[in-house]
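Notes follow once the structure below has been shown.
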Amino acid sequence: MSVPESLAANPAQLATDPAALIASAEAHGAHNYHPLPVVIASARGAWVTDVTGRRYLDLLAGYSALNFGHGHPRLIAEARAQLTRLTLTSRAFHHERFAPFVSQLAALCGMDMVLPMNTGAEAVETAIKTARKWGYRVRGVPEGKARIVVAANNFHGRTTTLVGFSTDPDAYRDHGPFTPGFTVVPFGDLAAMEAALDGGGDGGPDGDEGTVVAVLLEPIQGEAGVIVPPPGYLPGVRRLTAERGVLLMADEIQSGLGRTGRTFACEHEGVVPDVYILGKALGGGVLPVSAVVSSAEVLGVQRPGEHGSTFGGNPLACAVGLEVVTMLREGEIQARAARLGERLHDELAKLVELGALTEVRGRGLWAGLDLAPGLGSGRDVALRLLERGLLVKDTHGATLRIAPPLVIEEEDLAWALAQLREVLLG
Ligand SMILES: *Cc1c(COP(=O)(O)O)cnc(C)c1O
């Protein structure tokens, strides 16, 4: 095979020429994403700088992995100190950063135990394996019969098991065959949840036999377009699951850790799940850190050799994760998200009144905006905002998602909303 021309190109030129970098990315990176045409070189707080020196305000925050912004001084200081001290031991040995991280994260969640992993998908997989094992060992469910109820339009990650119960054809098409044992119900429909818990399933291809051991839900569905369930839904699911001895597992990977103005989105409805699934912001935007957090009864079913990860709970991850937990226990970031979130939603409500948006959903510094017909696709609008120095991401055609770093300055948020207003109102 010949060396592709883009590989032979002058590396110094590649490094500063966005068109050349994008062409090379297209040629040699798989096309599983369709990035906006900006090439980022550095960032601080809510602002990023591209390879040409142009600045943009980040309104996506790495899908909430960057809740604390880019390069937060406290997180970078912890990471730097740990980098030169100890980065990896494997879990074959204890290391000094593990106990502080798991004990403080358990305390933040009001739970007993933590099982650390790396990516969000791994944490969801861990929760599923744990719920099944709990079903067999604690509930006495016959082997192979544990069933888990999930919601339509869910997003829990990209493994074959997780996309197997996705209802988005882009996610599951051509990736099967899939893991059986999941029942899909409409999100926000308590009667459908009750029917699924009492044995009526979705009539899906795997027959719906078995015993429900857990319900797995995003308290607010992020990738679906920031879908907030009707008031009373989450408490209703909590009551139905508690009555039946079924675990409620909240995937707070995107909704949790300050985004909605509380530590967890479940808190807005006074709901405490049996299992929290965390990721994204837990790594402080520095490295992937995820975790399953639960009671000793549930996580206690995992015994040596039965589940694990080479990198899960490594010293660097624990050092950064502990500082994230420490900041969350101080509570300022949640208060800030709540305060700025009110401003965001007040301004977006005006754009609904003016007819530029058909609907706005969300909580705290998190919003899904449905564009009025005639404004173009979500990507068209994202490209127009990019020209004005704003980074936003479209989802599902005509929906935009706004989720800035929670450290964004109030005047920067106001500036962003003014730009959005001008783009949408022309
Ligand atoms: C992003 C996300 C995941 C998957 O996390 P990865 O780190 O990308 O594997 C799972 N659940 C929810 C709700 C998410 O937003």
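The values are calculated or read from the model by the stated rules, or taken from the named source; none is laboratory data. None of the values given here were measured: they were computed from a predicted structure. Backbone-built Cβ (ideal geometry, glycine too); neighbour counts: all protein chains shown. Surface accessibility is based on the protein's heavy atoms, side chains included, excluding ligands, DNA and RNA. Shrake-Rupley method; radii C 1.70, N 1.55, O 1.52, S 1.80 Å.
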ALA192 fails exactly one of the following numbered conditions: (1) in contact (Cβ under 8 Å) with a residue 24 or more places away in the chain; (2) buried (at least 18 other Cβ atoms within 10 Å of the Cβ). What is the number of that condition?
-> (1)
Specify which of the listed residues (VAL286, VAL301) is more than 13 Å from the ligand (Cβ to nearest atom), at pLDDT 95 or above and under 19 Å from the mean Cα position of the chain (by Cα).
-> VAL286
Single residue of segment 109-123 satisfying the filter (more than 16 Å from the ligand (Cβ to nearest atom) and not in a helix (DSSP H, G or I)) that is nearest to LEU278 (Cα to Cα) | VAL114
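Tell me, which residue of segment 215-260 that is charged (D, E, K, R) and within 11 Å of the ligand (Cβ to nearest atom) is most open to solvent (accessible area, probe 1.4 Å)?
At the first step, the residues of segment 215-260 found to be charged (D, E, K, R) are 218, 223, 238-239, 243-244, 251-252, 259.
Filter once more, keeping what is within 11 Å of the ligand (Cβ to nearest atom): 218, 223, 251-252, 259.
Numbers: GLU218: 15, GLU223: 39, ASP251: 9, GLU252: 0, ARG259: 0 Å².
For segment 215-260, the residue satisfying everything is GLU223.
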Number of the exception - ASN67 against (1) outside any helix (DSSP H, G or I); (2) within 22 Å of the chain's Cα centre (by Cα); (3) assigned by TED's automatic domain parsing to the domain that holds PRO273 | (3)
Residues (under 25 Å from LEU257 (Cβ atoms), open to solvent by 10 Å² or more (accessible area, probe 1.4 Å) and either in contact (Cβ under 8 Å) with a residue 24 or more places away in the chain or in a helix (DSSP H, G or I) (or both)) located in segment 365-400 | LEU391, LYS393, THR395, HIS396, THR399
Kindly indicate which of THR126, THR87, THR52, THR159 is within 16 Å of the ligand (Cβ to nearest atom) and open to solvent by 30 Å² or more (accessible area, probe 1.4 Å).
-> THR159
Given the conditions (1) surrounded by 24 or more Cβ atoms within 10 Å (Cβ to Cβ); (2) within 16 Å of the ligand (Cβ to nearest atom), and given that SER294 satisfies all but one, which numbered condition is not satisfied?
-> (2)
Would you mind finding the one in GLY144, GLY176, GLY135, GLY164 that is at pLDDT 95 or above, farther than 24 Å from MET327 by Cα and open to solvent by less than 10 Å² (accessible area, probe 1.4 Å)?
-> GLY135
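Residue-by-condition table, conditions (1) within 16 Å of the ligand (Cβ to nearest atom); (2) on the phi > 0 side of the Ramachandran plot; (3) open to solvent by 30 Å² or more (accessible area, probe 1.4 Å); (4) charged (D, E, K, R):
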| residue | (1), (2), (3), (4) |
| --- | --- |
| LEU59 | no, no, no, no |
| TYR63 | yes, yes, yes, no |
| LEU66 | yes, no, no, no |
| ALA77 | no, no, yes, no |
| ARG91 | no, no, yes, yes |
| HIS95 | no, no, no, no |
Residue within segment 150-161 that is part of a strand (DSSP E or B) and touching a residue at least 12 places away in the same chain (Cβ under 8 Å) present = yes
Candidates ALA27, ALA43, ALA106 - the one that is open to solvent by less than 60 Å² (accessible area, probe 1.4 Å), in a helix (DSSP H, G or I), of a type in the set (A, V, I, L, M, F, W, C) and modelled with pLDDT of 95 or more | ALA106
Give the number of residues within segment 327-359 that are touching a residue at least 12 places away in the same chain (Cβ under 8 Å), open to solvent by less than 80 Å² (accessible area, probe 1.4 Å) and assigned to a helix (DSSP H, G or I).
-> 15
